[in-house]
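Notes for the one structure printed next.
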Amino acid sequence: MKESEGQNRPVFFWPDRASPYENPIPEAINGRCLNIDKDFISAAFENVFGYRILVNPKATETPYVRKSLRNAAHDGIVIEKPTKVEEGYVYQRLIDNRINDEEIEDLRLIFIGEILPQFYRRTRLTDKRFKNVDTGVYLERTLSYFAQAEIDLVGELCRKVGLDYGEVDVLRDRVDGKIYVVDVNRTPFGPPRKISRADEVAAVKMMGEFFSQTFNIEKYSRYRSESD
């Protein structure tokens, strides 16, 4: 994979399957990010952060979550008793990310060589916590929700799994106050639906600037608001 002659265009590794790849493509953006299965990401998370999100479903008495290893399945279920391990699934602790009696909060960080200064805060109904159906999406300052040490650790995790550009789903547990990385997406289509037009424009402009700087692109596609 090479850049076109006389042009300054990025080359992406954009997988056509969800399963892990074996051979890196060093010259491509995300060309080293070969595996984003949830068991792999959870193990990398534990290595970087020093605490676990994975549980043993045969030995835990507290509620936990079973979900597909692969991205974008949106099939998570809460289990409240020990059960056998099923192939193709990962078992994680249930993160208490409720913000009120009816809603939970997902924090989607944007990574382009580093964690960007703004992120998407997504709210959804508690009974639809594993579905991709938001009640609201808001562009927020990263440092207003995360400590710098937390931001640094998420960035370290991204680099550890070979991510150059993508989005990272993070939950904060209101019981222990810690953050947990539950997903890494190397083929994002953001900004998410439900975001305001103003936040959408601001997010894309921010990403464009960081993309150009990070990958040394002099001129990248411009995002114009309808009023331009």
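For every residue, the table says whether it meets (1) of a type outside the set (A, V, I, L, M); (2) touching a Gly at 6+ places or on another chain (Cβ under 9 Å); (3) crowded, with 19+ Cβ neighbours inside 10 Å.
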residue	(1), (2), (3)
Phe45	yes, no, yes
Leu54	no, no, no
Leu107	no, no, yes
Phe119	yes, no, yes
Worksheet item: So which of Ile77, Ile41 is open to solvent by 40 Å² or more (accessible area, probe 1.4 Å), out of contact with any His (no Cβ under 9 Å at 6 or more places or on another chain), modelled with pLDDT of 90 or more and of a type in the set (A, V, I, L, M)?
Response: Ile77
Worksheet item: Which pairs do you get when a residue that is more than 12 Å from Tyr91 (Cα to Cα), found in the stretch 58-71, comes within reach of a residue that is outside any loop (DSSP other than H, G, I, E, B), reach meaning Cβ atoms under 7 angstrom, with the pair 6+ apart or on two chains?
Response: Asn71/Asp183; Asn71/Asn185
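Where residues in the stretch 56-74 are in a loop (DSSP other than H, G, I, E, B), aliphatic (A, V, I, L, M) and at negative phi, which of them is least open to solvent (accessible area, probe 1.4 Å)? If you could, list the steps in order and put the result at the bottom.
Step one: of the stretch 56-74, the residues in a loop (DSSP other than H, G, I, E, B) are 56-63, 69-74.
Subsequent filtering for residues that are aliphatic (A, V, I, L, M) retains 59, 69, 72-73.
With the extra rule that they be at negative phi, the set shrinks to 59, 69, 73.
Working: Ala59: 75, Leu69: 30, Ala73: 48 Å².
Of everything passing the filter in the stretch 56-74, Leu69 is least open to solvent (accessible area, probe 1.4 Å).
Taking the options Ile25, Ile29, name whichever one is open to solvent by less than 60 Å² (accessible area, probe 1.4 Å) and touching a Gly at 6+ places or on another chain (Cβ under 6 Å).
Ile25
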Item to complete: Could you check, for the stretch 155-173, whether at least one of its residues is surrounded by fewer than 19 Cβ atoms within 10 Å (Cβ to Cβ), without any contact (Cβ under 8 Å) to a residue 40 or more places away in the chain, among the acidic types (Asp, Glu) and outside any helix (DSSP H, G or I)?
Response: no
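The values are calculated or read from the model by the stated rules, or taken from the named source; none is laboratory data. All values reported here derive from a predicted model rather than from experimental measurement. Backbone-built Cβ (ideal geometry, glycine too); neighbour counts: all protein chains shown. With ligands, DNA and RNA removed, areas are computed over all heavy atoms of the protein, side chains included. Shrake-Rupley method; radii C 1.70, N 1.55, O 1.52, S 1.80 Å.
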